[in-house]
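K.L.:
Just passing along the structure, written as structure tokens.
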């Protein structure tokens with residue numbers, strides 16, 4: 001499993017919950033950077049961490065990891081928010097640690113609840129606080145890989161999410177998390193046979209780079225019989241003349257939008273599976289497409305790492 005996939009499936013809920021809780025419990029604003037791999041031998045304990053063991057398909061530890069000065073500032077902000085006053089201290093005293101534990105437990109609890117709903121085959125232990133290297137030592141034993149995501153807090157500093165991986169089972173159980181991710185506005189069908197590899201697929205988008213990306217993703221799945229349409233009006237002509245077996249179609253296009261083209265297509269053909277794609281998730285449009293019998297609705301952009309897996313889930317007859 002790649003860094004991007006680990007980030008999307010496992011770390012992303014922790015990061016999002018931390019940013020939300022940071023705002024609601026402290027009034028502070030934060031932003032996350034891109035994930036990267038840390039060398040195990042270069043990993044250094046920064047002074048304060050909330051640690052939660054993982055077991056099952058992935059054996060490892062999730063850390064919410066702070067420099068002391070960042071932990072103190074956030075702890076004081078949590079105190080101020082919860083009780084209307086904060087400790088004046090340049091070190092982590094018991095009151096600040098209690099405030100940070102409340103914040104950390106909220107984040108870990110909500111994130112692990114989200115992940116467990118996907119039945120991914122791993123469980124989380126109750127979180128514990130590490131205040132020094134001795135506290136951290138047991139978590140570092142047997143670690144093979146470390147994935148890190150920095151989080152910047154405006155006016156305060158940085159904290160980090162680390163996933164310490166001891167052992168990773170790359171079984172297809174993670175497919176469920178990918179195909180039920182935020183990209184799948186209307187999720188793929190549960191039933192149906194895989195689309196034949198020689199089926200004719202039409203990709204409809206006014207962006208040449210998106211059509212090129214779709215063709216590459218489909219080729220990676222073994223589908224090389226692909227035609228293109230650069231707008232909804234041309235897609236209508238090709239549906240009638242070339243009768244593709246499957247259609248992927250953008251919503252917002254220059255001449256005829258995909259939702260309007262879909263309505264016209266359904267007058268010609270009720271049965272061809274059509275999956276809509278859009279970077280704009282207007283609920284009214286999504287509902288209208290669903291009423292017209294689409295196979296699914298995908299939130300763009302699809303990236304090279306997970307895009308093929310998402311498309312594959314929809315390619316059924």
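The values are calculated or read from the model by the stated rules, or taken from the named source; none is laboratory data. As the structure is a prediction and not an experimental result, all values here were calculated from the model. Positions of Cβ are generated from backbone atoms using ideal geometry, with glycine treated the same way; all protein chains shown enter the neighbour counts.
K.L.:
From the list 118, 113, pick out the single residue that is in the same structural domain as residue 10 (by TED's automatic domain parsing), under 17 Å from residue 11 (Cβ atoms), at pLDDT below 85 and part of a loop (DSSP other than H, G, I, E, B). It would help to see each step written out before you state the result.
P.N.:
Numbers: 113 fails: part of a loop (DSSP other than H, G, I, E, B).
Exactly one of 118, 113 is in the same structural domain as residue 10 (by TED's automatic domain parsing), under 17 Å from residue 11 (Cβ atoms), at pLDDT below 85 and part of a loop (DSSP other than H, G, I, E, B), namely 118.
K.L.:
Free of Cβ contacts under 8 Å to residues at least 40 places away in the same chain and under 29 Å from the mean Cα position of the chain (by Cα), is that true of residue 210? Quick ask: steps written out before the conclusion?
P.N.:
Values: free of Cβ contacts under 8 Å to residues at least 40 places away in the same chain: no; under 29 Å from the mean Cα position of the chain (by Cα): yes.
For residue 210, the condition - free of Cβ contacts under 8 Å to residues at least 40 places away in the same chain and under 29 Å from the mean Cα position of the chain (by Cα) - is not met.
K.L.:
Something else now. Go over the candidates 57, 76 one by one and state the one that is out of contact with any strand residue (DSSP E or B) (no Cβ under 6 Å at 6 or more places or on another chain), surrounded by 15 or more Cβ atoms within 10 Å (Cβ to Cβ) and in the same structural domain as residue 144 (by TED's automatic domain parsing).
P.N.:
Numbers: 57 fails: out of contact with any strand residue (DSSP E or B) (no Cβ under 6 Å at 6 or more places or on another chain).
None of the others qualify; the one that does is 76.
K.L.:
Give me the pairs: first residue in the stretch 78-93 and within 14 Å of residue 68 (Cα to Cα), second residue modelled with pLDDT under 85 and surrounded by 10 or more Cβ atoms within 10 Å (Cβ to Cβ), beta-carbon distance under 7 Å, and six or more apart or on different chains, which are they?
P.N.:
93/87
K.L.:
If you check every pair at least six apart or on different chains, which have Cβ atoms under 7 Å apart with a residue in the stretch 270-286 that is in the same structural domain as residue 250 (by TED's automatic domain parsing) and modelled with pLDDT under 90 first and a residue that is crowded, with 21+ Cβ neighbours inside 10 Å and in a loop (DSSP other than H, G, I, E, B) second?
P.N.:
Pairs that qualify, where the first residue is in the same structural domain as residue 250 (by TED's automatic domain parsing) and modelled with pLDDT under 90 and the partner is crowded, with 21+ Cβ neighbours inside 10 Å and in a loop (DSSP other than H, G, I, E, B), are 278/251; 280/251; 285/251.
K.L.:
Okay, next question. How many residues are exposed (fewer than 12 other Cβ atoms within 10 Å of the Cβ), under 17 Å from residue 73 (Cβ atoms) and touching a residue at least 60 places away in the same chain (Cβ under 8 Å) when one looks only at the stretch 22-43?
P.N.:
Summing the residues that are exposed (fewer than 12 other Cβ atoms within 10 Å of the Cβ), under 17 Å from residue 73 (Cβ atoms) and touching a residue at least 60 places away in the same chain (Cβ under 8 Å) in the stretch 22-43 gives 1.
K.L.:
Would you call residue 305 at pLDDT 95 or above and over 19 Å from residue 185 (Cβ atoms)?
P.N.:
Working: at pLDDT 95 or above: no; over 19 Å from residue 185 (Cβ atoms): yes.
The answer is no for residue 305.
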